[in-house]
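Bear in mind these aren't lab numbers, they're just calculated from the coordinates by the rules spelled out. Remember, it's a predicted structure, so these values are computed and weren't measured experimentally. In this analysis, Cβ positions are derived from the backbone assuming ideal geometry, glycine residues included, and neighbour counts consider all displayed protein chains.
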Amino acid sequence: MNKKETYYFLGNCLSIGDNPEFISRFKELSALEAVDWEGFVRLASVHLVTPLFFPKFRENNLLDYLPAELGSYLEEIYLLNLNRNKKLILQIDEINLELNYKDIYPIYLKGAGNLLDGLYSDPGERIMVDIDLLTSDEDFLKSVEILRSIGYNNPETTDVDTITCQHYPRMMRDGTVSGIEVHRLPVSVKYSKLLNYDIIAGEMRTPEGRPGCLVLSDKHKVMLSFIHSQLSHRGHKYGTASLRDVYDLWLLSKRINYADIHFPEPIISKASDYFYLMGRITGSEGIRTERKPGKFSVFLLKHDMNLTSETLYKINLVVIQLSAYFNAFVSIFTSRKIRTSVIKKLSSREWYAKHIKTWKRLIGI
């Protein structure tokens with residue numbers, strides 16, 4: 001198997017319980033020793049989906065079709081993540097109790113919200129990085145101070161612009177398993193007209209058995225997943241898709257009607273591309289879109305080219321980065337605000353360090 005074949009094999013494994021035909025193919029490929037298991041493990045790790053495969057394979061009686069050492073490895077990773085997520089839920093219960101006591105009812109986002117809402121059939125499936133919670137502007141800094149009062153802190157925090165920031169810098173406390181990000185916006189400022197606290201609050205709900213907790217509606221979960229992955233992180237521009245995000249989207253596709261999701265042009269075309277790719281990766285229909293991608297989709301072309309050639313992937317990244325510099329240079333002459341911002345950045349050591357790090361990653365140093 002080459003990288004592209006391994007990627008799509010791994011993607012089909014995400015939905016293996018719903019795909020009897022792939023189960024037969026899985027057994028056949030395993031018997032023929034045609035699976036690149038090392039590549040499988042490597043890609044699963046990069047995409048942060050390793051823990052979910054042990055329960056998937058166990059539920060579908062496929063553990064005997066794996067190399068013995070791989071089955072043991074997947075079980076170990078799964079159990080470690082399951083234990084961590086159990087502690088993370090206890091951490092959420094603690095901070096939620098403190099915030100509720102002060103009449104603040106946060107809305108949990110991304111993985112934390114999905115975990116609380118029972119999206120995953122097994123709580124050990126999802127790798128969690130941070131606990132993301134959303135508050136109103138009024139409760140934003142109040143929530144930060146409450147968390148500080150119970151030991152959470154960010155020692156590097158100086159002044160935070162509460163008008164333009166998306167979230168408060170990550171806060172940590174000794175003895176806890178996860179950092180906390182308190183959001184005043186669910187997405188970056190650039191896309192906040194598409195999804196913000198007021199929009200979310202109109203459809204937020206309480207997960208079953210978790211009074212005092214709030215999560216997004218399934219429609220808004222899909223919107224957040226798409227905006228975060230494909231717009232804010234520029235996945236659509238790069239031609240990339242995180243399999244962890246794809247898995248969340250696939251699970252949500254079984255609970256949501258796409259007709260309930262409304263994006264303006266040209267974002268609807270990007271969303272259709274992404275949802276179509278999710279269906280292709282998982283070997284399912286995915287979210288049924290009102291508009292299917294055209295015969296020529298630059299995003300889908302880039303996605304498969306990136307998997308086919310590491311060189312093409314690097315060239316793609318370099319071209320996009322150089323285009324960003326060029327656009328910023330042109331904007332200097334048309335926008336006083338951007339000109340002031342660029343001059344400020346050029347006098348910052350942190351800005352140079354960040355871009356040197358970016359270029360080292362791009363060219364593989």
>> Checking the table 56/219; 86/254; 3/302; 190/270; 56/86; 193/270 against a 23 Å threshold on Cα-Cα, which pairs fail?
In response: 56/219; 86/254
> Which peptide among 184-196, 23-35 comes first, and what is the full order, when sorted by highest mean count of other Cβ atoms within 10 Å?
Replying inline: 184-196, 23-35
>> Using each residue's phi in segment 61-75, evaluate 6.51 cos²θ - 1.76 cosθ + 1.60 at θ = phi - 60° and report the 3J(HN,Hα) Karplus result to the nearest Hz, with x for Gly and Pro.
In response: 6, 10, 4, 6, 8, 9, x, 3, 5, 5, x, 5, 5, 5, 5
> What order, most packed first, do the peptides 219-226, 126-133, 298-305, 63-70 have when packing is the mean number of other Cβ atoms within 10 Å of each residue?
Replying inline: 219-226, 126-133, 298-305, 63-70
> Can you list the HN-Hα couplings for segment 38-44, worked out from phi with the Karplus curve (6.51, -1.76, 1.60; θ = phi - 60°), rounded to whole Hz and with x for Gly and Pro?
Replying inline: 5, x, 4, 5, 4, 5, 4
>> List the residues, sorted by chain then number, that are 5 or more residues from residue 134 or on another chain and whose placed amide H is less than 5 Å from its amide H.
In response: 107, 108, 109, 183
>> Could you give the length gained by full extension between residue 136 and residue 196, i.e. 0.36 nm per residue of separation minus their alpha carbon distance, to one decimal place?
In response: 20.6 nm
> Taking 0.36 nm per intervening residue step and subtracting the Cα-Cα distance, what contour gain separates residue 205 from residue 34 on full extension?
Replying inline: 57.0 nm
> Which value in Å is the Kirkwood Rh of segment 217-308 over different Cα pairs?
Replying inline: 13.0 Å
> What FRET efficiency, computed as 1/(1 + (r/R0)^6) with R0 = 30 Å and r the Cβ-Cβ distance, is obtained for residue 24 and residue 257, rounded to the nearest 0.05?
Replying inline: 0.45
>> If packing is taken as the average number of other Cβ atoms within 10 Å across a peptide's residues, how do 241-249, 173-181 rank, most packed first?
In response: 241-249, 173-181
>> Apply the Karplus curve 6.51 cos²θ - 1.76 cosθ + 1.60, θ = phi - 60°, to the phi angles in segment 249-257 and return the couplings in whole Hz, x for Gly and Pro.
In response: 5, 5, 4, 5, 5, 8, 10, 10, 9
>> Using a Förster radius of 41 Å, what is the FRET efficiency between residue 42 and residue 103 based on their Cβ-Cβ separation? Nearest 0.05, please.
In response: 0.30
